[in-house]
Every structure is written in structure tokens, then in C-alpha cells.
Amino acid sequence: MKLSELHIGHIARIVSLDDSPYKEKLQEMGCIPGVLVKPILKAPFGDPIAFELEEYTLSMRKNEADSVLVKPLDPLFYTH
Amino acid sequence: MSQRLKIVLAGNPNCGKSSVFNKLTGLKQKITNVPGTTIENKVGKFTVGDTEIDLIDTPGTYSFNPKSLDEKEAIKVFFEDPAPDTILYVADAANLKRNFFYFSQLAQHNTPMVLVLNMLDIANFKGFEIDIDRLEKELGIRVFKINARLGDGVKELKKALAEQQFVPHYTFGSENDHTHESHYDSISKLLNKTTTLKSKRELISNKIDTWATHPILGYLLFLVVLLVIFQSVFTLASYPMDWIELGFGELSEYLSKTLPDGWLKKLIINGLIAGIAGVVVFVPQIAILFFFMGLLEDTGYMARVSFIMDKMLRGLGLSGKSVVPLLSGAACAIPAIMSTRNIENWKDRLITIMVTPLMSCSARLPVYTLLISMAIPSDQYYGFVSLQALVMLAMYVLGTVAALVAAVVFKWIIRHDIPSYFIMELPIYHVPRWRNIWLNMWQKSLSFVKEAGKVILIVSVVLWFLASYGPRADKTFSIQESATLEQSYAGYFGKGIEPAIEPIGFNWKIGISLITSFAAREVFVGTMSTIYSVGDEENFEQLRAKMNKDKLPNGEPVYTLAVVLSLMVFYAFAMQCMSTLAVVYKETKSWKWPAIQFVYMTALAYLGSWLVFNLFH
């Protein structure tokens with residue numbers, strides 16, 4: 001699924017990045033296949049979205065999050 | 001044996017790099033302009049034993065493939081001659097993986113490096129343990145723990161910088177694979193060997209964010225922050241501004257008594273001193289605004305403002321990152337335009353540059369103050385809302401709305417294929433690092449005085465000449481005498497443009513002021529004082545009375561409500577600032593954009609004034 005579709009608080013693993021003018025920027029900021037991401041915050045109107053990525057918070061527009069493919073982890077592993 | 005070392009400070013944004021720089025160099029630092037560019041490098045000097053060290057600070061950068069102008073400037077220093085002896089890399093210990101990415105690229109350069117781990121307190125709070133000895137062994141370079149806020153570890157670091165340093169021998173990526181993936185892969189392996197995560201605790205940052213980015217409370221908070229800032233800019237700054245005006249008044253009075261009469265005396269008092277005073281008087285307002293901007297940036301709140309404003313601004317052709325320039329524009333467009341450098345997308349950046357001068361800057365303030373006091377009654381509503389204050393507020397709203405509308409127009413006009421993006425770190429909240437904020441305020445204010453000062457000084461002298469001498473060579477005129485000002489070059493110019501400005505309600509006297517205002521808008525008040533022979537330039541009350549008494553040949557007053565409102569609208573929109581145009585040229589590297597800016601703003605001003613004049617006439 002797309003990173004933009006992931007619900008707040010759910011964790012997913014990055015699978016791949018679509019080709020886009022901002023692919024390199026995303027990679028530099030740590031969006032690399034295999035990395036875990038968790039959406040934690042949405043701006044008013046649901047865009048941009050802030051993600052927990054590695055040890056920091058990265059925000060990006062919905063548009064940019066559309067270009068990142070992720071595989072959600074089973075919620076049973078991390079919800080209480 | 002004494003030696004001189006060139007050390008470059010590098011690191012990601014928000015890693016505490018400036019704290020390290022300030023702690024290492026103390027106050028011995030200066031901003032240098034690299035010739036032919038707008039690059040500003042901060043250079044600091046310090047000595048260890050008999051080693052002299054030049055420490056060069058660079059803007060925070062995420063990678064060696066620059067995306068924004070800021071980042072382009074950051075990496076230029078690595079290609080300079082002589083090449084740096086050592087790279088001092090500052091990393092946020094609480095966010096090591098991403099901080100190591102830029103490090104991994106710099107490590108390819110065969111330059112000795114030193115790694116400084118900053119913000120270990122936060123790393124420890126998050127539950128990270130970092131094995132420094134192991135990290136040193138893996139990388140093959142010296143690694144230092146430092147708490148830049150408190151200054152812990154600075155002494156040891158300083159001493160070590162004079163010693164022999166090493167090129168990192170850890171391999172990031174592989175011989176022929178330097179993709180982002182391979183670098184991050186190597187970084188993960190390195191961190192697995194050197195760090196352990198004991199427990200994960202949630203930072204208070206995340207809790208603040210639920211409020212700061214709340215759909216209602218978030219905007220409300222931002223509004224309150226804005227009100228506090230503007231209230232401070234106007235009230236706090238008024239005291240030092242009064243002192244400055246008083247000081248310059250005394251100075252010119254003293255000089256007029258002591259200097260021998262002649263053209264030189266007039267040049268010094270009416271040209272030079274008046275010009276310098278015109279710049280310096282704005283420093284308090286600008287400094288206070290820079291102080292708050294620095295505070296909001298340093299604490300991390302500004303990133304949240306960009307975050308919640310992005311969606312709205314995007315529709316207007318701007319981005320969340322335009323917030324800082326637009327707000328700074330309320331103090332002065334010059335530093336505001338310089339602060340657009342961190343906007344990656346060229347079109348977003350250009351539109352921000354083009355519309356920022358429409359925000360009501362502090363130079364318009366004295367013009368509005370004079371004009372409002374002339375035409376708007378000082379009525380109070382409900383005991384505390386003053387009509388004059390409301391009109392003043394309306395002028396600020398007018399400027400902001402004009403800027404946003406202009407942005408939409410430019411969005412349609414400017415063609416650019418690369419879509420804009422907004423990929424930004426939300427740094428964790430920090431207690432303000434006051435020292436950094438003060439230094440930043442001081443340096444930016446100083447650079448304003450230098451940038452704007454040069455232009456305003458030159459133009460003031462030219463204008464003084466134009467107002468003091470006339471085409472009839474048989475006699476020279478004193479700038480203090482209004483009857484003769486009419487016959488000076490400035491007077492001829494004023495009369496020359498009178499037909500053009502008559503439709504918007506202006507006469508030749510206003511015409512002269514429009515010309516002189518091109519140096520800087522606030523010159524309007526000074527020119528009016530000259531025309532109406534008000535000795536003390538700052539005596540608003542006297543000037544206002546004289547202007548209000550001025551009559552047309554047919555007995556009607558010159559400054560009717562229609563004329564005053566028309567003038568206010570003209571000053572709100574017109575591009576009457578040479579320094580801004582010069583900065584736009586520097587930042588866009590072309591005369592095309594300042595030319596377009598000048599034309600569109602002047603056209604907007606003329607149209608707006610015409611409309612207002614005819615509505616109220």
C-alpha cells in the first residue's frame with residue numbers, strides 16, 4: 001500500500017520508492033527500503049503528514065507519501 | 001612551530017552545529033561574503049597553543065547533492081583552495097542514522113575528519129547507549145562527546161583539533177556502489193556494532209505537537225504568537241527608536257553650530273547624517289523581529305508553523321517554507337528575501353521573493369503614521385479601540401492580501417516543470433539557546449545596516465544634491481527653504497511628473513517625495529518636512545498642522561481624505577526600495593526579476609491609488 005494510506009499509529013516497512021523528482025531527497029532523509037515508518041501526526045486538512053522514521057520526525061506532503069510503497073506490520077505485534 | 005589550520009564545520013540542520021561553533025570561537029567570528037556570490041560563511045578564529053585555527057561554519061545540510069541554495073553554499077567550501085585540513089562533523093546523537101548519511105558522503109573525500117556527538121542527553125533519554133571507543137575504532141577517527149548547550153567537552157575538543165587527525169577508514173557503500181541504499185546499509189551495520197537501545201520513551205515533543213498542530217488550537221496559537229511579536233516590535237522598539245532620533249538630532253544640531261558654513265556642512269548634516277539616521281532608526285524594530293524569528297526557529301516551533309500552513313500556502317503558489325520570509329517581510333524585505341534560500345523549489349522560491357515586498361515593512365510605518373494622523377480622526381470606540389489603530393491594521397491586512405493575490409497570479413504566469421515538494425524534518429522542541437539567538441540577531445541586524453546602509457547613504461547624498469542645487473546656476477539653494485526647493489532639480493522633477501500623478505490626486509510636492517522615497521520609503525516624512533520647512537524632522541505634530549493647512553489655488557485643502565488614502569495605498573504597493581531591488585537581483589542572478597517586480601508593484605500602486613482617489617473624491 002501507499003505510505004499516505006497508512007493510519008496514524010500504524011507501523012509499516014518501506015518496500016520501494018517510485019521514481020519522482022523528490023526520490024533522492026526522500027532517500028537522503030532516510031526513506032530506504034526496509035526502514036520502519038509510523039505516521040504520527042497530520043496537519044489540518046490531513047496534509048502534510050508527519051512520520052516517525054528511524055529516530056526522528058519527517059514531514060512530507062500526501063503527494064510525496066504517495067510515492068512510497070510500504071508493507072504494514074501486523075498490528076498484533078505492536079498494539080496493546 | 002606555529003601552524004595555521006583550516007577546519008570546516010559540517011552537519012545536518014538541527015544538530016546543534018551553531019552551538020558548537022559559538023562555543024569554540026566565542027565572539028571572535030565574522031560573516032564573510034565570498035566575492036561575486038551571495039554566499040555568507042561564518043568564520044571564527046581560535047588558537048590552541050601556537051596553532052591558529054580558522055573554523056568555517058556551513059549551513060546545515062542533509063547531503064552532498066545539494067537541493068536548496070543553502071545546501072549548495074554549504075558544500076562549496078570543500079572545493080575551495082586551500083582545501084580544508086579537517087572536517088569537524090557534528091552529529092545529533094539522538095538521531096544518528098540519518099546524521100551519518102552526510103558523514104558517509106563526506107568520508108569519501110580523503111580529508112581527515114573529527115566526529116562530535118552532540119545532544120547525548122536526548123539520546124540517553126530516548127534510551128540509546130553509544131560506545132564511543134568502539135565508534136572510534138570502527139571509523140578510525142577521533143570521536144568526542146559534547147554538550148554544546150552547557151559547554152561540556154568543548155575544552156578537550158579544542159585541544160584535540162590542533163593535533164593530527166585521520167581520514168575515516170570505515171567503508172560506506174562499496175568500491176563501486178555508492179547508492180543511498182548501500183550507504184544506509186553500511187551505516188546500519190556500523191550503528192548495530194556501536195549503539196544499543198535500552199528502552200524507548202516517548203518525548204514530550206510529540207505531546208506538544210498534538211496541540212501545536214491542532215486544526216483549531218494550532219492556528220489560534222500561531223495567531224497569538226504573531227500578535228505578541230508585532231506588539232513587541234511596535235511597543236518595545238519605540239523606546240530605542242526615540243533615543244536614536246534624539247541622538248541624531250543632537251548630533252546634527254551640534255554639527256550645525258560647530259562646522260563652518262558652506263556646502264560641506266549641508267552635505268554632512270542634510271545628506272550624510274540624515275541618511276545614516278534613516279537606516280539606524282529601524283534597527284530596533286528589525287532586531288526585535290529577528291530575535292523572535294530566531295526564537296521560533298531555535299525552539300523548533302517555526303517548523304510546525306510551516307507544517308500547518310503548507311496546505312493553504314500551496315494553493316497560492318507558495319509553500320510552508322514561505323512563512324518565514326513573509327513574516328520577516330513585516331520588518332524588512334531585505335533579510336526576508338535572503339531567508340528564501342532554504343526553499344528547494346525554484347518556482348516556490350521565486351514567487352516568495354516576488355511578493356514579499358508587498359508585506360508592510362517597518363519603513364512604511366512612519367509614512368502611515370503621519371498620513372493616518374492627518375486624515376483619520378482619533379476617535380475611540382468602546383473606550384479602547386482607536387479608529388487610527390484600525391486603519392493601521394487595515395494597511396497591514398491590505399499588504400498581506402496583496403502579497404497572497406500576487407502569488408496566485410505569479411503561480412499562473414511562471415512556467416516551471418519541476419513539481420514542488422515539502423520534505424522537512426520536524427526537529428524536537430528545544431529550550432531556547434539564548435546565546436545563539438542573540439548572536440544571530442546581532443549578525444543579521446548588522447548585515448541589514450551594511451546592505452541597506454550603503455544604498456541609502458549614496459541615494460541620500462544624491463537626493464540632497466538634487467534638492468539643494470538647481471538648473472539656474474546663479475544661485476544655490478538651501479534645502480531648508482521651501483520656496484527655493486521648487487526651483488531645485490528635485491522640484492523640476494516633481495513638476496515634471498505632476499501630469500502623470502495628477503489622476504491619482506498628487507501634486508508636485510508629493511511628486512518630489514515620491515522621487516526621494518525611492519531611496520527608502522521613510523524618506524517621505526523627511527522630504528515633507530523639508531518642503532514644509534519644518535526644522536525638526538521628527539516633529540510630526542508641526543508637520544501635520546502645516547500640511548493640513550496647505551491649500552490649492554482655489555482655496556480647497558490639498559490633503560483631502562481622498563488624497564491621503566490614495567497616498568497610503570500608493571506606499572503600500574509601490575516598489576520604492578532600491579536595496580530590495582538590489583537584493584532580488586543578487587538572489588535571482590538576473591535583472592529580469594527585479595525589473596518585473598518594480599513594474600508590477602508600481603502599476604499596482606498606481607491603479608490602487610487611482611481607484612481609491614476616485615472612490616473618495
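Within 14 Å of chain A (Cβ to nearest Cβ) and touching a helix residue (DSSP H, G or I) at 6+ places or on another chain (Cβ under 6 Å): does that describe B:Asp70? If you could, list the steps in order and put the result at the bottom.
Numbers: within 14 Å of chain A (Cβ to nearest Cβ): yes; touching a helix residue (DSSP H, G or I) at 6+ places or on another chain (Cβ under 6 Å): yes.
Against the criterion (within 14 Å of chain A (Cβ to nearest Cβ) and touching a helix residue (DSSP H, G or I) at 6+ places or on another chain (Cβ under 6 Å)), B:Asp70 qualifies.
Conditions (1) buried (at least 19 other Cβ atoms within 10 Å of the Cβ); (2) within 15 Å of B:Thr369 (Cα to Cα); (3) touching a Phe, Trp or Tyr at 6+ places or on another chain (Cβ under 7 Å), marked per residue:
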residue: B:Ile510; (1), (2), (3): yes, no, no
residue: B:Lys546; (1), (2), (3): no, no, yes
residue: B:Pro557; (1), (2), (3): no, no, no
residue: B:Tyr585; (1), (2), (3): no, no, yes
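Could you look through the range B:4-39, keep only residues that are of a type in the set (Gly, Ala, Ser) and surrounded by fewer than 19 Cβ atoms within 10 Å (Cβ to Cβ), and pick out the one that is modelled with the highest pLDDT? Talk me through it step by step, then tell me what you get.
If we filter the range B:4-39 for residues that are of a type in the set (Gly, Ala, Ser), which is where we start, we get B:10-11, B:16, B:18-19, B:26, B:36.
Still in the list and also surrounded by fewer than 19 Cβ atoms within 10 Å (Cβ to Cβ): B:26, B:36.
Details: B:Gly26: 79, B:Gly36: 38.
The residue in question is B:Gly26.
Quick check on A:Leu53: is it more than 7 Å from every other protein chain (Cβ to nearest Cβ), within 23 Å of B:Lys97 (Cα to Cα), in contact with a strand residue (DSSP E or B) (Cβ under 7 Å, 6 or more places away or on another chain) and without any contact (Cβ under 8 Å) to a residue 40 or more places away in the chain? Don't jump to the end; show me each part of the working.
Values: more than 7 Å from every other protein chain (Cβ to nearest Cβ): yes; within 23 Å of B:Lys97 (Cα to Cα): yes; in contact with a strand residue (DSSP E or B) (Cβ under 7 Å, 6 or more places away or on another chain): yes; without any contact (Cβ under 8 Å) to a residue 40 or more places away in the chain: yes.
So A:Leu53 fits the description; yes.
For the range B:439-472, how many residues are in contact with a Ser or Thr (Cβ under 9 Å, 6 or more places away or on another chain) and part of a loop (DSSP other than H, G, I, E, B)?
3
With the requirement that a residue be over 14 Å from B:Tyr301 (Cβ atoms) and either touching a residue at least 40 places away in the same chain (Cβ under 8 Å) or within 11 Å of another protein chain (Cβ to nearest Cβ) (or both), what does the range B:215-233 give you?
Passing the criteria: B:Pro215, B:Ile216, B:Phe230, B:Ser232, B:Val233.
Of the residues B:Leu223, B:Leu191, only one is at pLDDT 85 or above, closer than 30 Å to B:Ser362 by Cβ and not in a loop (DSSP other than H, G, I, E, B); which? So that I can check it myself, show each step before the final result.
Working: B:Leu191 fails: closer than 30 Å to B:Ser362 by Cβ.
Unique residue meeting the criteria: B:Leu223.
Within the range A:23-41, identify whether any single residue is part of a helix (DSSP H, G or I), touching a Pro at 6+ places or on another chain (Cβ under 8 Å) and within 10 Å of another protein chain (Cβ to nearest Cβ), and answer yes or no.
First pass over the range A:23-41, keeping only residues part of a helix (DSSP H, G or I): A:23-28.
Now restrict to residues that are touching a Pro at 6+ places or on another chain (Cβ under 8 Å): none.
There is no residue in the range A:23-41 that is part of a helix (DSSP H, G or I), touching a Pro at 6+ places or on another chain (Cβ under 8 Å) and within 10 Å of another protein chain (Cβ to nearest Cβ).
Considering (1) in contact with a helix residue (DSSP H, G or I) (Cβ under 7 Å, 6 or more places away or on another chain); (2) under 13 Å from B:Glu425 (Cα atoms); (3) not aliphatic (A, V, I, L, M), say which one A:Asp66 fails and leave the rest.
Condition (2) is where A:Asp66 drops out.
If I ask for residues that are within 14 Å of chain A (Cβ to nearest Cβ) and surrounded by 24 or more Cβ atoms within 10 Å (Cβ to Cβ), which ones from the range B:345-360 would you list? Write out each step before concluding.
Quick first cut of the range B:345-360, residues within 14 Å of chain A (Cβ to nearest Cβ) only: B:345-348.
Listed by number, the list holds a single entry, B:Asp348.
Going through the range A:1-22 one residue at a time, which ones are in contact with a strand residue (DSSP E or B) (Cβ under 6 Å, 6 or more places away or on another chain) and at the interface with another protein chain (Cβ under 9 Å from one of its Cβ atoms)?
Once the filter is applied, which keeps residues that are in contact with a strand residue (DSSP E or B) (Cβ under 6 Å, 6 or more places away or on another chain) and at the interface with another protein chain (Cβ under 9 Å from one of its Cβ atoms), the range A:1-22 yields nothing.
Considering every residue within the range B:254-265, establish whether at least one is within 14 Å of chain A (Cβ to nearest Cβ), over 28 Å from B:Ala389 (Cβ atoms), in a helix (DSSP H, G or I) and not acidic (Asp, Glu). Lay out the reasoning, then the answer.
The initial filter retains those residues of the range B:254-265 that are within 14 Å of chain A (Cβ to nearest Cβ), namely none.
There is no residue in the range B:254-265 that is within 14 Å of chain A (Cβ to nearest Cβ), over 28 Å from B:Ala389 (Cβ atoms), in a helix (DSSP H, G or I) and not acidic (Asp, Glu).
Restricting to the range B:417-438, count the residues that are more than 8 Å from every other protein chain (Cβ to nearest Cβ) and closer than 26 Å to B:Leu350 by Cβ.
Counting residues in the range B:417-438 that are more than 8 Å from every other protein chain (Cβ to nearest Cβ) and closer than 26 Å to B:Leu350 by Cβ gives 2.
The values are calculated or read from the model by the stated rules, or taken from the named source; none is laboratory data. It should be emphasised that the depicted structure is a prediction, and the values quoted were computed from it without experimental measurement. With ideal geometry, Cβ positions are generated from the backbone for all residues, glycine too; neighbour counts draw on all protein chains shown.
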